[in-house]
Amino acid sequence: MRTQMKLVVMTMALVAACKSKGGAREEQAPSQAVSMGSGGAFAGGGDQNAEVQRVMARSPEPAAEIPRKMAERDRPMDDDEKLAGFLAPKKPAPGPAGAKTPEGPTRAWFPETFLFEPLVVTDDRGAAVVPVRVPDRLTTWRVLALAHSRSGAQGGAVASFLGTLPTYVDPVVPAFLVKGDVVRMPIQIINTTAKDVASSLEVSAQNATIVVGGGGAGGARTVPAQGSTLDYATLTADHAGPVKLRVALGGTDAVERTIEVRPAGRPVSQARSGTLAAPRSFTTPGTPGADPSTDRVRLLVFPGALAVLRSELAVSTARAGVADDAYALLLAGRASSLLAALGDKPDPAVLRELAIVTAQRAVRAGRTLDVERAALLAEAALAHPNNPVLVRLGERAAAYLAQNQRPDGTFSGATGWTLQRLLVVTAEATRASAADKATRAARQRALQVQTRAAGAFARTSEQVSDGFTAAAILASGAVTGELADTLRKRVRGAIKKTDDGAAYLEVGEGVVRGDGTIPTRIEATALAVLALDGDAQAPLADLGTTLLGAYSITWGWGDGRVNLVAMQAVLALFKTPLPSAVSVTLEMDGAPVVHGTLEGAKLRDVLALDGPTPGLAGAHTWKLVAEPAVPGLGYSLSLDSWVPWDKQAVHEGLELALPAHLDATVGKPLDLTLTAVAPSGIALHIRQALPAGVQVDTPSLQAQVAAGAGGGSIERFVAADGSLDLYVPALEPGKTFTLTYRVVPTLGGTLHSGASLIEAGTHQFHVPPTEWTIK
C-alpha cells in the first residue's frame, strides 16, 4: 500500500502543477518512456468514456518545482482554494493608461481521459512520479492507481481533484452541423470568486457567421459573486468544412472549439480496391453536380493479415449481436497465438480485458441455445481453455449440436426452407461441433456428427449447383475424396473476375446463408478461400484482393458471420512478412494527391490517407503505386462527393417515409414515426439521420428490442451523434415496417438532418433530409 499511496500522491501533485499553467500549451513535451513496472495509474474525468484513450500528452514541468510552488501560499487553504488560486492567471504588471489587458490562455484540448500508464516503476522508497498534461476540460478528475510488489502484495487507491478557473466561459457546442443550419448556442459565464466580476465577452467564428445575444459580437458583462450568467450566440453554418469557434472572457479565459459542418445534399461515393502487387491504374467517371468543396479521397492500405487482426482486436467489442459477440470472443481466445505467428507481441492486459467483456456477452447469449447460437458459440468459447465457464459453455454448445442432429445427418430445417439453406446450416453446425476435442468422448462425438453429415452431403451433392453452398460444405471438413474434388470444381466455376484483376465468388439467385439472409459477395469470397485453401488451381491471391479491398476499420467486412469467415480467410492467405518500409503514392491525372509510408511500428497498422480532391465532377485517371510492390498489401480507395438533391425513383421496392419538416422545443420529448416498405424475406438496415443536438431516447427503443421474440419491430439499434441505425428482421409478404420512438432536442434553431438510408441485401435508397425548427 505504501507504494501505491506514494504513487498516487506524487501523481496528484504533478497533475495540479500542470493545470496551474491555465490552459492548453502550444507544445507538448516528448513522451517519457516507462519500462518495467510495479504499478499503474489511470486518470479520467467524471464524464469519461468507458474505453481508455491511450494518447497522452506530457508536461515538461519538473516534479521538484511542485512543493516549492505550493509552499508560496501565505495562509492555510483547503484543497479547492489552493487549486483555484494555483490556477489563477498572474496579474499583469501595471502599464500605461488604456492599455489592453493581455489575452489569457486559450483552452482547446478536451479529451475525457488523459492518462493511462499500465507500467510504472517505483524507486527504492516506493515512490514514482508520472508527468502528465491535464486537459482543458473543467471538471472533477478521478485518478485510479493500482500497484503490486515483486513478492505479490497488492494495493490500490482512488483520488480526485477539481480542474477549474476563478472565472470562465462554457459554450455549449454541437458535435456537428449541416450546411445551412442556424443554431442558437448557450454560453455560460461562471464566477467562482467572492466578488462580482466585470469583464467583456468576445465571440468569433471562422468559416461561419455569428451573432451574440440580440446583435453584435459580445460586449461588457457583469457576473455576480459565486454565480453565473447565460448568453446566447446564433451561428449560421454558411460553408461545409471545419468552423473554429472562439469564446473569450476578457483576459481571464478563452475557449476554442472546432465544429464539423457537413455538406448538404446527397452523398455519392466511388470505390476501388485490390492489392498492390503491381502499380494500379484506372479511370473513374465524373460525378455530375459534385460540390468541389466536398470532394475528398480516402485511401486505406492494409499491410497484410497482422494489420487487419490488430485493427479488429481494437474495435470488435463495439459491435452488437450474437454473431458479433462470438466473433470477438474467438479473436480474444486466439489473439496471442495469431499475433505470435505473425511476428507481433500480444498485450496481456488488453487481451484480458477483451476476454472479460466478450465472455460476459457470450455467457448471456448462451443461456438459451438453438442450433444457430450453438454453432456460433461452440468454437469461440472453446478457444479459452483456461476459463472454466467458457469451456463449459463450449462443451454444452457442441453437445447440443450433436444431440440435435437429425437421423439423416442434417440440422434444423422448417417449413419453407430450401434444401440449399438446410445444407448450409448443416455445414456450419458440423464444423462447430468439431471444435470440442478435449476428451476422447468429445472427439468421438464430433466424428459421428461429421460421418452423418457426410452422408447427407453425398446424397444431395447432385442438387448442389451453386458455389456458395459447395464452399460451405467443403469448409465443414466433412467431405473428402471424389466428392470434395467435385465440390471444389463447382466453387472454382462460380468465381468471377473484376476489371482490376480481383476475383470473387458469385452468389447465385435464391441462395441464402444459414440465417435466411442473402450472403454478401465478401462472405461468399471468404468462404471460397477457406474451401479452396491449398488448391493449386484456385486464384487465391485474387480472391484475397477482394477481401483486403473491402475491409472497413469501423465495420470490418459486415456482420459477425461475415467477419468470422473473412478474418479466417485473410489469416490463411497473407502471412508473409512485409519489407521494412513501403512507400505508397496516389496520383490523379499524373499529380500526387496523397502519400504515406509504412515502416517500423506502422507495418502493424492500417495506413489511412485522405485529402481534398476538388473536381470529381469530371472523369479522372488514377495511379496507385507501392514501392516496393507487395502482394499482401491491400488497398481500399473511396472518392466521396456531395451532390444536390434530385427526385429519386424507388429502387428495387425500397421505400422510407420520413417527415419533410418537424417543429420541436428544446428539452421537450418528441415522438418520431418512420415507415418502410421492402421486399419480403430480406433483413433491413435503416439509418435515420438526425440534426445536431437531437438525442435519441434509448429506453423507447430498448423496449422494442426486448419484445423481439414476441413480435418486436427491431432486432437491435445503434444510436450516435447525428444518426440512428435500426436493424429490422425480414418482413413478411405484404407487411409494412412502422416504428415510433422518442427523441429530445437540446439545441434551438433551424437545423437539418443528413441523408437517411434504407438498404436490403445489396440494394439501398437515400431519402432527402428533414428540416427541424426547434424553439
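Summing charges over neighbours of L245, with a neighbour being any other residue whose Cβ is under 11 Å away from its Cβ, gives +2 when K and R count +1 and D and E count -1. Considering only H148, P166, G126, and ranking their Cα positions along the charge dipole of the stretch 123-171 that arises from unit charges at the beta-carbon of Lys, Arg, Asp and Glu, the one farthest toward the positive end is H148. If the segment from V121 to H763 were pulled out straight at 0.36 nm per residue, it would be longer than the present Cα-Cα gap by 225.5 nm.
Between Q206 and A591, the FRET efficiency estimated from the beta carbon spacing at R0 = 35 angstrom works out to 0.80. A Förster radius of 22 Å combined with the Cβ-Cβ distance from F282 to E506 puts the calculated FRET efficiency at roughly 0.50. From the alpha carbon centroid of the stretch 468-545 to that of the stretch 244-274 is 44 Å.
Label-to-label distance, T750 versus D238, with points set 7 angstrom from Cα along the beta-carbon direction: 1.6 nm. On the stretch 347-438, 51 percent of the accessible area sits on carbon and sulfur atoms, based on a 1.4 Å probe. Charge tally for D640 (other residues, Cβ to Cβ under 13 Å; Lys, Arg +1; Asp, Glu -1): +2. Measure out, as a whole number of angstrom, how far apart the alpha-carbon centroids of the stretch 732-771 and the stretch 290-322 sit. Each part's Cα centre sits 25 Å from the other's. Full extension of the segment from T139 to Q226, taken as 0.36 nm per residue of separation minus the current Cα-Cα distance, would add 29.6 nm.
Taking all protein chains into account, the per residue accessible area for the stretch 231-277 stands at 36 Å² (1.4 Å probe). Note on R367 and D610: the extension gain reaches 83.0 nm, defined as 0.36 nm multiplied by sequence separation minus the Cα-Cα distance. For the pair Q537 and A414, a Förster radius of 41 Å applied to the C-beta separation gives a FRET efficiency near 0.65, rounded to the nearest 0.05.
Across the stretch 236-314, C-alpha contacts under 8 Å between residues 6 or more apart give a mean separation that, scaled by the residue count, equals a relative contact order of 23 percent.
Most tightly packed first, judged by the mean number of other beta-carbon atoms within 10 Å of their residues, the peptides 390-398, 160-168, 695-703 read 390-398, 160-168, 695-703. Taking a Cβ cut-off of under 13 Å around V389, the surrounding Lys, Arg, Asp and Glu residues balance to a net charge of +4, with basic ones at +1 and acidic ones at -1. With just the Cα atoms defining each centre, how far is the stretch 665-683 from the stretch 224-242? Give it in Å. Using only Cα atoms to place each centre, the spacing works out to 32 Å.
The values are calculated or read from the model by the stated rules, or taken from the named source; none is laboratory data. Computed from a predicted structure; not experimentally measured. Counting neighbours? That spans all protein chains shown, and the Cβs are built from the backbone with ideal geometry, glycine included. Keep in mind that these areas ignore ligands, DNA and RNA; they rest on the heavy atoms of the full protein, side chains included. Shrake-Rupley method; radii C 1.70, N 1.55, O 1.52, S 1.80 Å.
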